[in-house]
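Student: Just dropping this structure here.
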Amino acid sequence: MAKFVVVKEAPKELKKGEYLIDKPSFVEQIALHKAKKPRNGLTGSHYIRMVVDSISQAYDPENMTAYSIKAHKYEGRKFDTDEQFNDIIVEALTQDYPAIFPKYLEVKVRNRPAGTTTVYYVDSNISGQYEIFYRNGLGEEKVEAPQKPKSDKVVGKPAITKEEAEAKKNQADSQ
């Protein structure tokens, strides 16, 4: 049975049989509309709606439309890269249509490569995130934090000094 591990940061390297689900990113859908990207570097409602429509077709075709978010609230924002525009889209979806994130996670879990034994999930506080993994046949693997080795050093002040201990020992021997 495949396991999932919730981590704070993505691992640097993945071994064979491991799969990473990072924080929600819609760069793939943004790249589909690269030709329609505004040349002035500012967001426009038409471009936002095209990208949101691609997201809805990929993750929630039954309930979501291009008009599920209020594009006018995000018009005129400057962006230079697809990643910056992705941040704007994630903010818009968080505010106006947060129901997309559990569906995003569900699609990512279902479409993991065959033979995956461990799924690393960067915690994104998506509602119902653990149930999504359990529904798709994944069990949770607990990762223990590395523990510090215990030291043999004595820390702190001893209750009695060596001289007091020897004095008590000599007193007990003399009796």
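Coordinate-derived values only; no laboratory data. Predicted model, so just to flag it, every value in this text is computed and none were measured. Glycine also receives a Cβ, built like all others from the backbone with ideal geometry; neighbour counts cover every protein chain displayed.
Student: I need Ser25, Ser56 ordered by Cβ neighbour count within 10 Å, fewest first.
Tutor: By the 10 Å Cβ count, ascending: Ser25, Ser56.
Student: Of His72, Pro38, Val119, whose Cα points farthest to the positive end of the dipole of the chain (charges on the beta-carbon: +1 Lys, Arg; -1 Asp, Glu; origin at the Cα centre)?
Tutor: The Cα lying farthest towards the positive end belongs to Pro38.
Student: Jot down the radius of gyration and Dmax of region 3-140, Cα atoms only, both in angstrom.
Tutor: Considering region 3-140 through its Cα atoms, Rg and Dmax are 16.0, 48 Å.
Student: So, one more: Counting Lys and Arg as +1 and Asp and Glu as -1, each charge on the Cβ, what is the dipole of the chain about the Cα centre in debye, to the nearest 20?
Tutor: Rounded to the nearest 20 debye, it is 260 debye.
Student: Rounded to the nearest 500 deg cm²/dmol, what is the calculated helix-only ellipticity per residue at 222 nm for the chain, with -39500 (n - 2.57) per DSSP H run of length n ≥ 4?
Tutor: It lands at -11500 deg cm²/dmol.
Student: A follow-up question, please. By counting other Cβ atoms within 10 Å of each Cβ, how are Met64, Met50, Met1 ranked from fewest to most?
Tutor: The most exposed by this proxy come first: Met1, Met50, Met64.
Student: Per 10 Å bin from zero, what fraction in whole % of the C-alpha pairs of region 1-64 is there, up to the bin with the longest pair?
Tutor: All Cα pairs, binned at 10 Å, distribute as 16, 34, 27, 20, 3, 0 percent.
Student: With the dipole of region 48-150 worked out from charges on the C-beta (+1 for Lys and Arg, -1 for Asp and Glu) around the Cα centre, which of Ile55, Gly128, Phe101 lies farthest toward the positive end?
Tutor: Positive-most Cα among the choices belongs to Gly128.
Student: Assign unit charges at the C-beta atoms only (+1 for Lys and Arg, -1 for Asp and Glu), then state the dipole size of region 1-77 relative to its Cα centre in Debye, rounded to the nearest 20.
Tutor: So the magnitude is around 320 debye.
Student: When ranked by the protection proxy of mean other Cβ atoms within 10 Å per residue, highest first, what sequence do the peptides 126-135, 7-16 form?
Tutor: Highest to lowest by the protection proxy: 126-135, 7-16.
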